[in-house]
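Have a look at the structure that comes next, please.
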Amino acid sequence: MTDLLSDEEIEARLPDAWAREGDEIVRTYEFDSYLDGIGFASGAGGVAEDAWHHPEMTITWGEVEVRLTTHDAGGITDNDIELAERFDNIYE
């Protein structure tokens, strides 16, 4: 099992535009259209599957909200921070 990050580690490593909400990190990505958001979610889903780490994603018109946590560890781990960074790279 992966070790939980401390509050200090999470604060220091949390990527820009991400926020902590309890035992999750959250970001809402914005798009000009619904299909742009669907495309991002599809790409993010492939990256997540490759990392064997599966976020909660909510798709609405012009937005995709992503929530990351490591369920089997009970909170935020290195895996969550690393996947958040990979998603940001897709978005850029």
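Could you tell me how many of the residues in region 1-57 are of a type in the set (A, V, I, L, M, F, W, C) and touching a residue at least 24 places away in the same chain (Cβ under 8 Å)? Lay out the reasoning, then the answer.
Here is the first cut: in region 1-57, the ones of a type in the set (A, V, I, L, M, F, W, C) are 1, 4-5, 10, 12, 14, 17-19, 25-26, 31, 35, 38, 40-41, 44, 47-48, 51-52, 57.
Then drop every residue that is not touching a residue at least 24 places away in the same chain (Cβ under 8 Å), which leaves 1, 4-5, 10, 14, 17-18, 25-26, 31, 40, 44, 47-48, 51.
Of the residues in that region, 15 qualify.
Checking the conditions here, which among S6, S33, S42 is closer than 14 Å to I90 by Cα and of a type outside the set (K, R)?
Residue meeting the stated conditions: S42.
Let me ask something additional. Going by what's in this entry, would E11 be described as under 12 Å from I81 (Cα atoms), of a type outside the set (S, T, N, Q) and out of contact with any Ser or Thr (no Cβ under 9 Å at 6 or more places or on another chain)?
Numbers: under 12 Å from I81 (Cα atoms): yes; of a type outside the set (S, T, N, Q): yes; out of contact with any Ser or Thr (no Cβ under 9 Å at 6 or more places or on another chain): yes.
Yes; evaluated as a whole, the condition is true for this residue.
Read the figures in this text as sums done on the coordinates, not as results from a lab. Fair warning: this is a prediction, and the values are worked out from it, not measured in the lab. A quick note on method: Cβ atoms are made from the backbone with ideal geometry, for glycine too, and the neighbour counts reach across all protein chains shown.
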